Amino acid sequence: MANILVCEDEKNTLAMICKLLKGNSLVEEIFPASCGNEAVEIIKKQSPHILLLDIDLPDIDGIEVAKIANTFDSDTSIVFITGYPDYAHESFIVHPYDYILKPIDIERFNQTINNLIVKRESSMLDNKLKTAEIFPVRIKNKILFLNIKDIIFIEKNGKDTTIHTRKGPFMCNENLKDIESELNSHFYRTHKSYIVNIGMVECIESLGDSYEISFYGYDKKAYMSKGKYLFIKDKISV
């Protein structure tokens, strides 16, 4: 869900945009404004998540409104809606999510808003899960929420990925690259097929061309490549 400010000095266009947003189930609240100064006051008081800004306004222009908004919250998403394509280059100084030209293509408008809200919700949820140290895993027709502290190591074997935890192993189809991006700094990629929780490592033993990793209170083993071992070895003072 998102709160959206719409700043547009053309009454009919403002009404049309607000009507489109009211029909979107992902939009929670809409704040209409007919000039830049009014938009700034709303931004200060309401902190909308998304700004839909006309650039050519009767007082301060939409680009200036976006600059001011960024001083309050740099995560505010901005979409410019204007009939003047010449402003496009200038507007990118505030890194807008999109630039929609008038007359508005309704299908494209709806797609832009939906994509932006979904992206924002996904990012917000990811941040909350990381803060709570929760790692969601899709297993068949359900989502399992694992405590990151319970994960010992993760192993890729063909198409299958096994997440070894204190409560036992869990199978999923996630690739290690995606998993690694969701984990915190306690985890280290020791091999193309293994990610380990450094805090759970008990011993690293040479097997010749590779190295075996043992863990506290867990009998399964992970492995480390020779290159990774040499890197770790160089970091250890003996």
Applying the Karplus parametrisation 6.51 cos²θ - 1.76 cosθ + 1.60 with θ = phi - 60° to the phi angles of the range 190-198, what ³J(HN,Hα) value in whole Hz is obtained for each residue in order, glycine and proline being reported as x?
8, 6, 4, 10, 9, 10, 10, 7, 4
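Share of the chain's accessible area from carbon and sulfur, percent, 1.4 Å?
Numbers: 7060 of 14060 Å².
C and S atoms contribute 50 percent here.
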Largest-first principal axis extents, alpha carbons of the chain, Å
74, 42, 31
Within the range 203-218, find all residues whose amide N lies under 12 Å from a label point positioned 7 Å from the Cα of Phe170 along Cα-to-beta-carbon.
none
Please list, ordered by chain and number, the residues whose modelled amide H lies under 5 Å from the amide H of Tyr211; skip anything fewer than 5 residues away on the same chain.
Met224
For the range 7-86, with every protein chain kept in place, what is the accessible area per residue (1.4 Å probe, Å²)?
51 Å²
Helix 226-235 axis, angle to the chain major axis (alpha carbon atoms, nearest 10°)
80 degrees
Please give me the summed charge of the neighbours of His95: other residues whose Cβ is under 12 Å from its Cβ, Lys and Arg +1, Asp and Glu -1.
-1
Rounded to the nearest 5, what % of DSSP beta bridges with both residues in the chain are antiparallel?
65 percent
13 Å cut-off, amide nitrogen to a point 7 angstrom out along Tyr84 Cα→Cβ, residues in the range 102-126:
none
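Any chance you could list the semi-axes, whole Å, largest first, of the equivalent ellipsoid that the Cα gyration tensor gives for the range 171-238, using √(5λ)? Walk me through the numbers on the way to the answer.
Working: eigenvalues 82, 39, 33 Å².
So the three semi-axes of the range 171-238 are 20, 14, 13 Å.
Once Rh for the range 38-135 is found with the Kirkwood sum over Cα pairs, what is the Stokes-Einstein diffusion coefficient at 25 °C and 0.890 mPa s, in µm²/s?
Details: Rh = 14.6 Å.
Estimated via Stokes-Einstein, D reaches 169 µm²/s.
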So, in Å, what gap is there between the alpha-carbon centers of the range 22-73 and the range 186-238?
52 Å
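Report the local net charge at Asn175: Lys and Arg +1, Asp and Glu -1, summed over other residues whose C-beta lies under 10 Å from its C-beta. The partial results should precede the final answer.
Values: positive: Lys156, Lys159, Lys177; negative: Glu174, Asp178, Glu180.
In short, 0.
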What's the extension gain from Ile232 to Lys19 if we count 0.36 nm per residue and subtract their Cα-Cα distance?
70.7 nm
Taking only the Cα positions of the range 142-201, the convex hull volume per residue in Å³ is 83 Å³
Give, in nm to one decimal, the length gained when the segment between Lys221 and Thr162 is fully stretched (0.36 nm per residue of separation minus the Cα-Cα distance).
20.0 nm
Once both label points are put 7 Å beyond Cα along the C-beta direction, the Asn184-Lys67 separation in nm becomes 4.0 nm
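So for the range 26-67, Kirkwood radius off the Cα pairs, Stokes-Einstein at 20 °C and 1.002 mPa s: how many µm² s⁻¹?
Working: Rh = 10.6 Å.
Answer from the Stokes-Einstein relation: 203 µm²/s.
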Relative to the longest principal Cα axis of the chain, at what angle does helix 36-46 sit, 0 to 90 degrees, rounded to 10?
40 degrees
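Per DSSP helix of 4 or more residues, -39500 (n - 2.57); summed, then divided by the residues of the chain. What does that give at 222 nm, rounded to the nearest 500? It would help to have the intermediate numbers written out before the result.
On the way: 7 runs with 81 residues, N = 238.
Computed ellipticity for the chain at 222 nm equals -10500 deg cm²/dmol.
Work out, in µm²/s and without decimals, the Stokes-Einstein translational diffusion coefficient of the range 98-231 at 4 °C, 1.567 mPa s, Rh from Kirkwood over C-alpha pairs.
After rounding, the answer is 76 µm²/s.
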Angle between the chain longest axis and helix 62-72 axis [Cα atoms, degrees, rounded to 10]
40 degrees
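The values are calculated or read from the model by the stated rules, or taken from the named source; none is laboratory data. As the structure is a prediction and not an experimental result, all values here were calculated from the model. Cβ coordinates were reconstructed from backbone atoms using ideal geometry, including for glycine residues, and neighbour counts include every protein chain displayed. These accessible areas exclude ligands, DNA and RNA; they are computed on the full protein's heavy atoms, side chains included. Shrake-Rupley method; radii C 1.70, N 1.55, O 1.52, S 1.80 Å.
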